[in-house]
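The values are calculated or read from the model by the stated rules, or taken from the named source; none is laboratory data. Keep in mind that what you see is a predicted model, and the values were worked out from it rather than measured. Heads up, the Cβs are rebuilt from the backbone with ideal geometry, glycines too, and the neighbour counts pull from every protein chain shown. Remember, those area values only see protein heavy atoms, side chains included, never the ligands or the DNA or RNA. Shrake-Rupley method; radii C 1.70, N 1.55, O 1.52, S 1.80 Å.
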Amino acid sequence: MFNFNDRVVVVTGGTRGIGRAISESFLKAGAKVVATYQGNDEKAQEMKLSLKELGENLELRKFDVRNAESVKTFYTWVEETLSKVDVLINNSGIRRDNILASLSENDWDDVLDTNLKGTYLMTQGAVLLMMKKRYGRIVNISSVGGELGLPGQANYAASKAGQVAISQSVSKEVAKRGITINNVLPGFIETELIADLPADQVEEYKKQVPMKRFGKASEVANAVMFLASEEASYITGASLTVDGGL
């Protein structure tokens, strides 16, 4: 459906779950994909090998999106090796759920640093390169949790709402340079991120979804592909919800 030939796409957290589905979708559409990850070398290599010929257009880069120096080093490598970045998908994200009264400062900091500071650092680096080319697409993988405020997720909800707020401000700063920044807000998606939920809680959540099922990572990837495409050139600062009607 979409043509990303000759495009360089960076997907943070791009080797597992939703990130992997996004990376694979862009590869199938002809893009050169750089999938970043922080820790699991085995999963990253398994992904690349499983893609066979498509894997030839996949670069894997291991670093922490929370670390400013690591992000700077990454973008230096991108500019020197690939000369540009056309699309950035801010997908890196973690959960550390607990009710606020018991939520530790470390769990607050870890979630905000990964989900929100990581988005800030990666977006800043991408914008500096995109402005030189006067073209760019940035898509944040936020969450309906940032709007609904599920119990036990004060830190996660704050970080995801913050991603939307960042996009609304930055979209006005970079629009004249041909850069758009938007958000995709998944609901309950079948990934490792929710694999730790108790079975009874999963069933309760499914009852709340009008479609009575959890979404697939590929369904999120489809929305991302649209917002990153030429066809979405007049959409910026917006949010597209993928949640089965929550």
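Data table
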item: Cβ-Cβ FRET estimate between F63 and V209, R0 fixed at 30 Å, reported to 0.05; result: 0.25
item: Inter-probe distance in nm under a simple model that places probes 7 Å from Cα toward Cβ, at L197 and T76; result: 4.2 nm
item: R134 accessible area, assembled protein chains, probe 1.4 Å, Å²; result: 140 Å²
item: FRET efficiency for N40 and D109, using Cβ-Cβ distance with R0 set to 22 Å, rounded to 0.05; result: 0.50
item: Separation in nanometres of the label points that stand 7 Å from Cα toward Cβ, at K28 and L54; result: 0.6 nm
item: Candidates Q45, Q163, Q153, ranked by Gaussian network fluctuation over the chain, Cα under 10 Å, top entry; result: Q45
item: Among T236, T73, T36, residue whose mean-square fluctuation peaks in a GNM of the chain (springs only between Cα atoms under 10 Å); result: T73
item: Translational D in µm²/s for the stretch 121-246 (Stokes-Einstein at 4 °C, 1.567 mPa s, Kirkwood Rh from C-alpha pairs); result: 83 µm²/s
item: Zero-based 5 Å bins, Cα pair distances in the chain, whole percents; result: 1, 7, 14, 19, 21, 17, 12, 6, 3, 1, 0
item: Histogram of C-alpha separations across the stretch 38-80, 5 Å bin width, %; result: 5, 20, 24, 18, 20, 11, 2
item: Value of [θ]222 nm, deg cm²/dmol, for the chain, DSSP H segments ≥ 4, -39500 (n - 2.57) each, nearest 500; result: -13500 deg cm²/dmol
item: Set of lysines near K43 by C-alpha distance (under 17 Å), chain-local residues within fewer than 8 positions excluded; result: K52, K62
item: Tail fraction, Cα-Cα pairs, the stretch 69-167, threshold 17 Å, whole percent; result: 54 percent
item: 5 angstrom amide H check on N182, placed H, neighbours 5+ away; result: I138, V139, N140, G237
item: log10 of Debye I(q)/I(0), alpha-carbon scatterers only, for the stretch 17-123 at 0.24 Å⁻¹; result: -1.42
